[in-house]
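**Student:** Before we start, here is the structure in question, set down as structure tokens.
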Amino acid sequence: MRHTVYVIGHRNPDTDSIVSATAYARLKNLMGHDEYVAARAGHLSPQSDYILKRFNVPKPVYFHDLQPRAEFYMPEGTETVLENKSVWSAVEKLQKNGWHSMPVVDAEGHYKALLHYSGFAKSILDILNPERHTAITTSVELIRETLDAQPLCVRDDKEIFKGLILVADDSLETFQRIFESHLSEKVIVVTGDRENIQDYCIEKGARAIVVVSSLVPSKAIIAKAEKKKIPILLSSYDTSSTVLLTTYSSPAALMADSNIPAVHKSDSVKKIRPLLHDSPSRSLTVVDDDNRVVGMITENDLLHDARVEVALVDHNEFSQAAEGIEHYAIREIIDHHRIGSITTRNPITFINKPVGSTATIVTNLYRENRISIPLEIAQILLCGILSDTLILHSTTTTDTDRETANYLSSITGLEIDQLGEDILNAGSHIGSRSASDVIRQDKKEYRDEKNVYTVSQIEVDSTQEILNRKKEFLDELEITRRSQNGLFSALLVTNITRLSSVMLVAADKRFIPYITFPKQEDNVYFLKDVMSRKKQLIPLLSELIEKYNG
């Protein structure tokens, strides 16, 4: 693959992450950096899905994780050979490019086998076994292509057959004895300008006659061959070269190794290493979901850095990043959260501003670079700001967010309050969604020196729907907590009409006494005027954890 920079938000991305990744990748593309591609480390939330569909914007590329995989290491581009093309055409490609192997495919590009030198050499040795005559599987058309021969009386003859190569270098009588001992077989005769042998082969029904050294047969011979429908090919090579090349006219698929499996582009490096070691050419074919060839990978490719870098948006902590992110160079970070413990190999562009939305920062990067914002990108950027600031009502909202939102509203013609209501409603309906789905939708993990905990958030127009299913949500929060051996897992349910929240908590029994928020019912707390996880809730939770650790 080409060198790629994936612009990616945090795990379980919210709308701000999705919008910012999409818009920032487009900005870099417009600035001439085609290697930037928008990506996501989780499934789209209902709200994000609604926004992208409403404004007809493609979804970012999805990665379950960023563990090293085949597609990140394989070189860009590869050549293949069609299964019904001659093995000689494949060998020419191998020699030209200095390769040791090449995939054999069908007409639609599906992987069939791997042609490699050791397998090819074995097949040729079997054909040229001196203890038996040279027999090959081929067609007249493949012989013609391989020899680049001039057809004298052959039309479209693509029928594949197994034939015996006989060289007419004996006397007519000796050749007749040899030929007649193989009357039950299809015979390919390689001869010079010996008209008596040519005439005999036509009479006896040779499968094809190859005349060497461009020695054109007489008109009578050609006419007779036409009448008997015996193909004659005129080779410019001498006898030995013609015979050798004819043996290379077999279909590539027959000399390729069909026992070598292809690997999928998403297969992990851990999985493909032993397969590469077992491959005779230390190389494997890489295919997509439809088994179509997309590249090749070798052991040597794994010795180099991945052809992938990342640009992080809306987060700057490893605990919130896609799993496996540590394997790649981080090129840029664009964020509006606290600065965490992330480290980089080299100096990078790091933009971190105390605003309510990463989309605000990305919008102003367009303006600072004097790049016109495409309409659909301006539309989703406005959605990102309104989503992350709860229609500019969150305590995280700054004057910069308001000014930027008004600017985007002006250039898109979208009315802020109505659009905000539309997108918040799109994400607020729980309906038949499972508790697991809701909790994972916008879940963030936090760590200190002693503890790990998670806080999920969802905005609703009424908290009652979730409270009616309290046990289901608490059970799922407890599963989340135990899976990480965490101190607690919480779900912040923000009421977008009352501008307050309730918090459901599954916690270690030793921590529960330290939760001093107003208790609404068991494991449920009322948080008046709290709407922001980042600016309001996390600082409050940090104080409780400090007392617990103390």
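The values are calculated or read from the model by the stated rules, or taken from the named source; none is laboratory data. Just so it is clear, the structure is predicted and the values come from calculations on it, not from any experiment. Methodologically, a virtual Cβ is constructed for each residue, glycine included, from the backbone with ideal geometry; neighbour enumeration extends over all protein chains shown. When the accessible area is computed, the model is the full protein with side chains, heavy atoms only, and any ligands, DNA or RNA have been set aside. Shrake-Rupley method; radii C 1.70, N 1.55, O 1.52, S 1.80 Å.
**Student:** Can you find, within the stretch 262-273, the residue that is farthest from the chain's Cα centre (by Cα) among those that are open to solvent by less than 50 Å² (accessible area, probe 1.4 Å) and not hydrophobic (A, V, I, L, M, F, W, C)?
**Tutor:** So the first thing to find is which residues in the stretch 262-273 are open to solvent by less than 50 Å² (accessible area, probe 1.4 Å), and the list is 262-264, 267-269, 272.
Checking which are not hydrophobic (A, V, I, L, M, F, W, C) leaves us with 264, 267-268.
On the way: 264: 9, 267: 10, 268: 12 Å.
Per the stated criteria, the residue is 268.
**Student:** Looking only at the stretch 384-394, decide whether some residue is assigned to a helix (DSSP H, G or I) and within 29 Å of the chain's Cα centre (by Cα).
**Tutor:** First, the residues of the stretch 384-394 that are assigned to a helix (DSSP H, G or I): 384-388.
Narrowing further to those that are within 29 Å of the chain's Cα centre (by Cα): 384.
Looking through the stretch 384-394, at least one residue is assigned to a helix (DSSP H, G or I) and within 29 Å of the chain's Cα centre (by Cα).
**Student:** Restricting to the stretch 1-20, and then to whatever is of a type outside the set (Lys, Arg) and open to solvent by 10 Å² or more (accessible area, probe 1.4 Å), can you tell me which residue is modelled with the highest pLDDT? Walk me through how you get there before you give the answer.
**Tutor:** As a first pass, look at the stretch 1-20 and keep what is of a type outside the set (Lys, Arg): 1, 3-10, 12-20.
Among the residues that remain, those that are also open to solvent by 10 Å² or more (accessible area, probe 1.4 Å) are: 1, 3, 6, 12, 14.
Details: 1: 59, 3: 89, 6: 97, 12: 84, 14: 91.
Once the filter is applied, the top-ranked residue is 6.
**Student:** Give me the strands (runs of 3 or more DSSP E) completely within the stretch 411-525, filtered to those with at least 1 residues that are surrounded by 21 or more Cβ atoms within 10 Å (Cβ to Cβ) and at pLDDT below 95, ordered by residue number. Even if it seems obvious, please write down each step before you answer.
**Tutor:** Details: elements: 443-447, 452-460, 488-495, 500-507, 519-521.
Of the strands (runs of 3 or more DSSP E) lying wholly inside the stretch 411-525, those with at least 1 residues that are surrounded by 21 or more Cβ atoms within 10 Å (Cβ to Cβ) and at pLDDT below 95 span 443-447, 452-460, 488-495, 500-507.
**Student:** Mind checking which pairs have a first residue in the stretch 319-343 that is farther than 21 Å from residue 360 by Cα and a second that is of a type in the set (Phe, Trp, Tyr) and part of a loop (DSSP other than H, G, I, E, B), Cβ under 9 Å, 6 or more apart or different chains?
**Tutor:** Sorted first by the residue in the stretch 319-343, then by its partner, the pairs are 322/63; 324/63.
**Student:** Could you please find all residues in the stretch 307-328 being open to solvent by 20 Å² or more (accessible area, probe 1.4 Å), in contact with a Lys or Arg (Cβ under 9 Å, 6 or more places away or on another chain) and not hydroxyl-bearing (Ser, Thr, Tyr)? Spell out how you get there, then give the answer.
**Tutor:** Start the filter on the stretch 307-328 by keeping residues that are open to solvent by 20 Å² or more (accessible area, probe 1.4 Å), which leaves 307, 309, 317-319, 323, 326-327.
Now drop any that are not in contact with a Lys or Arg (Cβ under 9 Å, 6 or more places away or on another chain), which leaves 307, 309, 317, 319, 323.
Result: 307, 309, 317, 323.
**Student:** Further question: Give the residues of the stretch 78-96 that are without any contact (Cβ under 8 Å) to a residue 40 or more places away in the chain and part of a helix (DSSP H, G or I), sorted by residue number. Working first, answer last.
**Tutor:** Start the filter on the stretch 78-96 by keeping residues that are without any contact (Cβ under 8 Å) to a residue 40 or more places away in the chain, which leaves 79, 92-96.
Passing the criteria: 92, 93, 94, 95, 96.
**Student:** Now for a different question. Residue 349 is checked against (1) without any contact (Cβ under 8 Å) to a residue 24 or more places away in the chain; (2) within 26 Å of residue 266 (Cα to Cα) and fails just one. What number does that condition carry?
**Tutor:** Against the list (1) without any contact (Cβ under 8 Å) to a residue 24 or more places away in the chain; (2) within 26 Å of residue 266 (Cα to Cα), residue 349 comes up short only on (2).
**Student:** Could you tell me how many of the residues in the stretch 360-377 are farther than 16 Å from residue 58 by Cβ and assigned to a helix (DSSP H, G or I)? Break it down into steps so the answer makes sense when it comes.
**Tutor:** Looking only at the stretch 360-377, we keep the residues that are farther than 16 Å from residue 58 by Cβ, and these are 360-373.
Adding the requirement that they be assigned to a helix (DSSP H, G or I) leaves 360-368.
The qualifying residues number 9.
**Student:** Would you be able to say whether some residue in the stretch 358-380 is of a type outside the set (Phe, Trp, Tyr), closer than 15 Å to residue 20 by Cβ, buried (at least 21 other Cβ atoms within 10 Å of the Cβ) and at pLDDT below 95?
**Tutor:** no
**Student:** For the subset of the stretch 246-261 comprising residues that are in contact with a Pro (Cβ under 9 Å, 6 or more places away or on another chain) and open to solvent by less than 30 Å² (accessible area, probe 1.4 Å), which member is nearest to residue 83 (Cα to Cα)?
**Tutor:** So in the stretch 246-261, the residues in contact with a Pro (Cβ under 9 Å, 6 or more places away or on another chain) come out as 256-257, 260.
Checking which are open to solvent by less than 30 Å² (accessible area, probe 1.4 Å) leaves us with 256, 260.
Working: 256: 9, 260: 15 Å.
In this case the residue turns out to be 256.
**Student:** Do the conditions hold for residue 211, that is, is it in contact with a Leu (Cβ under 6 Å, 6 or more places away or on another chain) and either touching a residue at least 40 places away in the same chain (Cβ under 8 Å) or farther than 20 Å from residue 251 by Cβ (or both)?
**Tutor:** Working: in contact with a Leu (Cβ under 6 Å, 6 or more places away or on another chain): yes; either touching a residue at least 40 places away in the same chain (Cβ under 8 Å) or farther than 20 Å from residue 251 by Cβ (or both): yes.
Yes.
**Student:** I've got another one for you. Just one of 414, 424, 419 is among the hydrophobic types (A, V, I, L, M, F, W, C) and within 29 Å of residue 478 (Cβ to Cβ); which is it?
**Tutor:** Going through 414, 424, 419 in turn, the sole match is 424.
**Student:** Shifting gears a bit: Of these, 148, 106, 156, which one is at pLDDT below 90 and among the charged types (D, E, K, R)? Let's see the steps before the verdict.
**Tutor:** Values: 148 fails: at pLDDT below 90; 106 fails: at pLDDT below 90.
Checking each option against the conditions leaves just 156.
**Student:** Right, here's the next one. Has the stretch 54-77 got at least one residue that is open to solvent by 10 Å² or more (accessible area, probe 1.4 Å), of a type in the set (Lys, Arg), modelled with pLDDT under 95 and assigned to a strand (DSSP E or B)?
**Tutor:** Yes: one or more hits.
**Student:** Return yes or no: is residue 120 at pLDDT 90 or above, among the aromatic types (Phe, Trp, Tyr) and open to solvent by less than 50 Å² (accessible area, probe 1.4 Å)? It would help to see each step written out before you state the result.
**Tutor:** On the way: at pLDDT 90 or above: no; among the aromatic types (Phe, Trp, Tyr): yes; open to solvent by less than 50 Å² (accessible area, probe 1.4 Å): yes.
Against the criterion (at pLDDT 90 or above, among the aromatic types (Phe, Trp, Tyr) and open to solvent by less than 50 Å² (accessible area, probe 1.4 Å)), residue 120 does not qualify.
**Student:** Go through the stretch 386-410 residue by residue and tally those that are at pLDDT below 90 and open to solvent by 20 Å² or more (accessible area, probe 1.4 Å).
**Tutor:** Result for the stretch 386-410: 2.
**Student:** Additional query: Can you say whether residue 529 is within 29 Å of residue 357 (Cβ to Cβ), in contact with a helix residue (DSSP H, G or I) (Cβ under 7 Å, 6 or more places away or on another chain) and not basic (Lys, Arg), as far as the supplied structure shows?
**Tutor:** Working: within 29 Å of residue 357 (Cβ to Cβ): yes; in contact with a helix residue (DSSP H, G or I) (Cβ under 7 Å, 6 or more places away or on another chain): no; not basic (Lys, Arg): yes.
The answer is no for residue 529.
**Student:** Within the stretch 21-47, track down each residue that is more than 17 Å from the chain's Cα centre (by Cα), of a type outside the set (Ser, Thr, Tyr) and at pLDDT below 95.
**Tutor:** Correct list: 44, 46, 47.
**Student:** Every residue in the stretch 288-297 that is aliphatic (A, V, I, L, M) and open to solvent by less than 10 Å² (accessible area, probe 1.4 Å), please. Write out each step before concluding.
**Tutor:** Let us first name the residues in the stretch 288-297 that are aliphatic (A, V, I, L, M), namely 293-294, 296-297.
297 - this is the single residue of the stretch 288-297 that is aliphatic (A, V, I, L, M) and open to solvent by less than 10 Å² (accessible area, probe 1.4 Å).
**Student:** For residues that are within 20 Å of residue 33 (Cα to Cα) and hydrophobic (A, V, I, L, M, F, W, C), tally how many sit in the stretch 331-358.
**Tutor:** Taking the stretch 331-358 first, the residues within 20 Å of residue 33 (Cα to Cα) are 331-334, 346-351.
If we keep only those that are hydrophobic (A, V, I, L, M, F, W, C) as well, we get 333-334, 348, 350-351.
Final tally of qualifying residues: 5.
**Student:** Which of the strands (runs of 3 or more DSSP E) found entirely inside the stretch 142-238 contain at least 1 residues meeting this: open to solvent by 30 Å² or more (accessible area, probe 1.4 Å) and not aromatic (Phe, Trp, Tyr)? Quick ask: steps written out before the conclusion?
**Tutor:** On the way: elements: 161-167, 186-191, 208-211, 232-234.
Passing ranges, in order: 161-167, 186-191.
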